[in-house]
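One structure is given here, and the rest of the page talks about it.
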Amino acid sequence: MEEVVLRLKELLFPSIADVAVLSVDVDIEIVRVDAQCIADGAVCPVCGVWSNRVHGSYLRFPADVPSGGRSVVLQLRVRRFTCGNSGCARRIFVERIPGLTRRHGQRTERLRSTLAAVGLALAGRAGARIARVLGASVSRSTVLRLVDALPEPEVPAQRVVGVDEYATRKGRHYGTVLVDIETRRPVDLLPDREASSLAS
Ligand SMILES: [Zn+2]
């Protein structure tokens, strides 16, 4: 049985350190995974000092990615620690499990990113419909909110720039327009047609 539980950890949380799966309960519609962090202590988020003085714990129930068409909910025991640094402003802090959930998050990070990817491809209404088919019941507005929370994509530097000219004031004044050849989008407008402006 112990072996099975260890294998479950590998199966369910392959990339997350210090998490143990205690049990898995399956019924017709839902899978409940009882899990907790097994690190000896945690680092205070305010002062960075390590503490192993446990000051109680509580349960959180973040939704996880569905499995076999069933919804998955973690029953995650989260510990509170006392910060041992007398100079620290924080007396009690809650442990964090990087990569698994975020503070006050109702979903695991991987469910968030899955739903955001569905939302990016299909937008709110269709995204929510497909998520429900996959076993993750979620509203249209939540799908949109998760897409909205995605980091802005980095705009790559233009590699090839085209140069053209534009006219203003009914052709009496000419400027230069720079166009990214790859994306075909204007990059910049220069106020004149001087070679020095273009070079800079
Ligand atoms: Zn502290």
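In the stretch 103-151, the residue that is nearest to ILE28 (Cα to Cα) out of those that are in contact with a Pro (Cβ under 9 Å, 6 or more places away or on another chain) and in a loop (DSSP other than H, G, I, E, B) is GLY135. Taken together, the criteria place ALA123 among residues that are surrounded by fewer than 17 Cβ atoms within 10 Å (Cβ to Cβ), at pLDDT below 90, in the same structural domain as LEU146 (by TED's automatic domain parsing) and closer than 21 Å to LEU150 by Cα.
The residues on offer are GLY99, GLY105, GLY56, GLY69, and the sole one that is more than 16 Å from the ligand (Cβ to nearest atom) and closer than 18 Å to SER15 by Cα is GLY99. For the stretch 8-60, residues that are closer than 30 Å to SER86 by Cα, free of Cβ contacts under 8 Å to residues at least 60 places away in the same chain and assigned to a loop (DSSP other than H, G, I, E, B) total 13. Checked against the criteria, GLN36 does not count as under 22 Å from the mean Cα position of the chain (by Cα), modelled with pLDDT of 95 or more and away from the ligand (no atom under 11 Å from the Cβ).
The values are calculated or read from the model by the stated rules, or taken from the named source; none is laboratory data. Remember, predicted model here, so these are calculated numbers, not experimental data. Neighbour counts are summed over all protein chains in view; Cβ atoms, including those assigned to glycine, are modelled from backbone coordinates with ideal geometry.
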